[in-house]
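Just below is one structure, and these are the notes that go with it.
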Amino acid sequence: VARTAVIPMNGMTMRDVVRVDRGGATADRETSFHYVGPGFFRTVGQPLILGRDFDDRDRVGSRRVAIVNRTFAARLLSTTAPAGRVFSIQATPGTWVPYEIVGMAEDAVYGDVRESVPPVAYLAIEQEPESDREPVFLMHSRMPPAELRTSVIRAIAEVGPGAGVEFLALSDVVRNATQRDRLLAALSGGFGLLALVLSAIGIYGVLSYLVVRRRQEIGVRLAIGATQSDVVRMVAGQSLGWIGAGLGIGGLLAVLAATAARSMLFGLAPHDPLALAAAGAILAATGVAATIIPARRAGRLQPTSALREE
């Protein structure tokens, strides 16, 4: 269990300007903030790379301390070992409050999955004066949600009868935050599947039509000694050539389109070789499957019946 001021992934972030020492000169930089309590990083599963977590020493009146993420240390302090460094936050115009860095945490996303990880300073919530905001606690448990809810409500009722408690699963928060992205992904996947089916039908229809148009030619080839396997290879080879050309052109257009839509991609690079290879393999397999029936039908033609047709 850990206390926090902002629910992760609910779209709310706190930003302010900090003053840092860069090689003897001060510089003001914008950063994100999170007010958290002891055990926060262990509760959310965010590794603490170096230094210590917040503890009972970090109370109102004690020296202000902070834990920064890896991006904060690299971008604002140009170091990989920020413990002991000091930055300042403006409390009132002209008044800056110093914070000593006591630890560094791994980068994590708390605001928007579509944004890159910003510099983040985690401040001890117990060092801040109590506000009128409702307290928020994060809980990580292996208990079933219903049983956990009952136990927590019972425990709170013992110390604060009548206190209102609202439960919200973090998975639901993440699902709500990514609802638009999941909808777009589902629509894109549906249109992609429809395009795949239409492509397979188109390839099959075109090859079947060509086989019908070339019945006499195929009959002549069979009459002068071509085998059924020769005819199958001829039809299949022509279709595979078209499939190869289509994959090459389509792959190039896919890379260009993905580059243009880079901001809409999450966890996927525009030139991801694995994704492109998987898509190409699926399309190639579909195209090959669509050529099997027309090619085999061409190989089973009887030369006499094909030559009688005009």
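Points worth noting:
- 0 to 90° range, to nearest 10: angle between helix 273-299 axis and the chain longest Cα axis: 20
- For the chain, calculated [θ]222 nm from helices alone, where every DSSP H run of n ≥ 4 adds -39500 (n - 2.57): -15500 deg cm²/dmol
- Two-site label geometry, ARG22 and ARG296: point separation in nm, points 7 Å out along Cα→Cβ: 6.9
- Treating r as the C-beta distance of ILE282 and PHE167 and R0 as 35 Å, the FRET efficiency rounds to 0.25.
- From phi via Karplus (6.51, -1.76, 1.60), per-residue ³J(HN,Hα) for segment 109-117 in Hz, x at Gly/Pro: 9, 10, x, 9, 5, 7, 9, 6, 5
- With 5 Å bins from 0: P(r) over segment 62-211, alpha-carbon pairs, percent: 2, 7, 9, 10, 11, 11, 12, 10, 8, 5, 4, 3, 3, 2, 2, 1, 0, 0
- Nearest-ten-degree value, helix 179-213 long axis tilted from longest Cα axis of the chain: 10
- Selection from MET234, PRO273, GLY250, by position along the positive dipole direction of the chain (Cβ): MET234
- Mean Cβ neighbour count within 10 Å, used as a protection proxy, ranking 178-187, 71-80, 153-162 highest first: 71-80, 178-187, 153-162
- Shape call, segment 5-60: gyration tensor on alpha carbons, a/c limit 1.5: oblate
- Given charges at beta-carbon only (K, R positive; D, E negative), |dipole| of the chain in Debye: 1440
- Average accessible area per residue (Å²) across segment 97-217 - probe 1.4 Å, nucleic acids and ligands excluded: 66
- Calculated FRET value between TRP242 and VAL113, using beta carbons and R₀ = 51 Å, to 0.05: 0.80
- By definition, a body whose alpha carbon gyration tensor gives a ≥ b ≥ c is prolate when a/c is 1.5 or more and a/b is larger than b/c, and the chain fits this prolate description.
- Residues with amide H under 5 Å from that of ILE49, placed H, sequence gap 5 or more: MET104, ALA105, GLU106
- Within the accessible area of segment 24-105 (1.4 Å probe), percent carbon and sulfur: 50
- Cα gyration tensor shape for segment 111-192, rounded if a/c is under 1.5, else prolate or oblate: oblate
The values are calculated or read from the model by the stated rules, or taken from the named source; none is laboratory data. The structure presented is a predicted model; accordingly, all values stated were derived computationally and were not measured. With ideal geometry, Cβ positions are generated from the backbone for all residues, glycine too; neighbour counts draw on all protein chains shown. The protein model used for the area step is the full one, side chains on, heavy atoms only, and it has no ligands, DNA or RNA in it. Shrake-Rupley method; radii C 1.70, N 1.55, O 1.52, S 1.80 Å.
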